[in-house]
1. Among the residues in region 115-134, are any in contact (Cβ under 8 Å) with a residue 40 or more places away in the chain, in contact with a Ser or Thr (Cβ under 6 Å, 6 or more places away or on another chain) and aromatic (Phe, Trp, Tyr)?
2. Quick check on my filter: what residues within region 32-74 are over 18 Å from Pro206 (Cβ atoms) and either of a type in the set (Lys, Arg) or within 18 Å of the chain's Cα centre (by Cα) (or both)?
3. Of all strands (runs of 3 or more DSSP E) completely enclosed by region 115-208, which ones contain at least 1 residues that are open to solvent by less than 50 Å² (accessible area, probe 1.4 Å) and among the aromatic types (Phe, Trp, Tyr)?
4. Report every pair of residues separated by at least 6 positions or lying on different chains whose Cβ atoms are under 7 Å apart, first residue within region 176-195 and of a type outside the set (Phe, Trp, Tyr), second part of a loop (DSSP other than H, G, I, E, B) and exposed (fewer than 14 other Cβ atoms within 10 Å of the Cβ).
5. Any residue in region 147-165 that's in contact (Cβ under 8 Å) with a residue 12 or more places away in the chain: show its pairings with residues that are of a type in the set (Phe, Trp, Tyr) and open to solvent by less than 40 Å² (accessible area, probe 1.4 Å) at Cβ separation under 9 Å, as long as the two are six or more apart or on different chains.
6. Has region 29-37 got at least one residue that is at pLDDT below 50, closer than 23 Å to Ala129 by Cα, among the hydrophobic types (A, V, I, L, M, F, W, C) and in contact with a strand residue (DSSP E or B) (Cβ under 9 Å, 6 or more places away or on another chain)?
7. Of all residues in region 39-55, which are out of contact with any Gly (no Cβ under 6 Å at 6 or more places or on another chain), open to solvent by 30 Å² or more (accessible area, probe 1.4 Å) and either at pLDDT 95 or above or among the basic types (Lys, Arg) (or both)?
Amino acid sequence: MHQKLAQALSGAVAVAAVLGLAALSPTQAAETVHVRGTIVGLEGSTLTVKTREGPTSVVALKPGWKVAGVAKASVDDIKPGDFVGIASLPTAAGGDGAVEVLVFPPSMKGTGEGSYPWDLKPKSSMTNATVINVVKGVEGRTLDLSYSGGKEKKISIPDGVPIVTFGPATQADLKPGATVFIPAQRGGDGALPAGFVAVGTNGVNPPM
């Protein structure tokens with residue numbers, strides 16, 4: 001495996017594990033902070049991000065931190081047996097509709113498995129699960145998903161929903177204006193230490 005891609009996937013495992021933190025107790029989950037926004041600057045191990053909410057967040061990158069790029073994927077590539085992470089919202093017609101889809105590399109199957117509340121949008125949820133069936137419809141696809149405990153869920157993927165996977169990236173990609181998604185833990189002093197950064201590359205931004 002290409003060294004950069006191997007490093008990216010190593011970091012991606014970290015973010016996949018973080019996706020599972022929302023399933024912990026409320027006290028534990030409250031310590032997790034998802035920083036979404038654009039980079040203002042990187043000085044040493046300090047990454048400053050203008051968040052999508054407006055304020056600036058200062059992230060302290062931990063020793064050995066990892067970075068992964070976000071690469072474009074296609075709904076046509078999703079097939080039974082694939083492991084995906086889908087942020088979704090309830091639909092007016094009932095059921096859930098995808099807001100974004102992350103297709104995990106095969107080596108990451110099972111990480112962060114489950115379905116739990118997510119903070120991408122109000123009332124959104126994250127489902128990390130195995131695809132058991134793909135149905136093509138007039139306005140997109142519908143996936144039948146299976147996850148731990150023998151549970152199943154059906155999520156529709158309307159046309160135009162962002163579909164991504166992880167790809168290689170380096171520290172050089174963390175430049176001003178680049179879009180990032182950073183799972184961090186808020187310390188007692190208010191600091192935001194993080195060991196992983198997902199950065200948009202080649203015009204593809206992290207939709208998580």
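1. Yes: one or more hits.
2. Lys62
3. Once the strands (runs of 3 or more DSSP E) in region 115-208 are filtered for at least 1 residues that are open to solvent by less than 50 Å² (accessible area, probe 1.4 Å) and among the aromatic types (Phe, Trp, Tyr), what remains is 140-147, 163-167, 179-185, 192-200.
4. Gln185/Glu31; Arg186/Glu31; Leu192/Arg186; Pro193/Gly187
5. Here the result reads Lys153/Tyr147; Thr165/Phe104, each pair linking region 147-165 to a residue that is of a type in the set (Phe, Trp, Tyr) and open to solvent by less than 40 Å² (accessible area, probe 1.4 Å).
6. Looking for residues that are at pLDDT below 50, closer than 23 Å to Ala129 by Cα, among the hydrophobic types (A, V, I, L, M, F, W, C) and in contact with a strand residue (DSSP E or B) (Cβ under 9 Å, 6 or more places away or on another chain), one finds at least one in region 29-37, hence yes.
7. Val40, Leu42, Glu43, Gly44, Ser45, Thr46
The values are calculated or read from the model by the stated rules, or taken from the named source; none is laboratory data. For clarity, every value in this text was computed on a predicted model and none was experimentally measured. Virtual Cβ from ideal backbone geometry, glycine too; neighbours counted across all protein chains shown. Note: areas computed on protein heavy atoms with side chains; ligands, DNA, RNA excluded. Shrake-Rupley method; radii C 1.70, N 1.55, O 1.52, S 1.80 Å.
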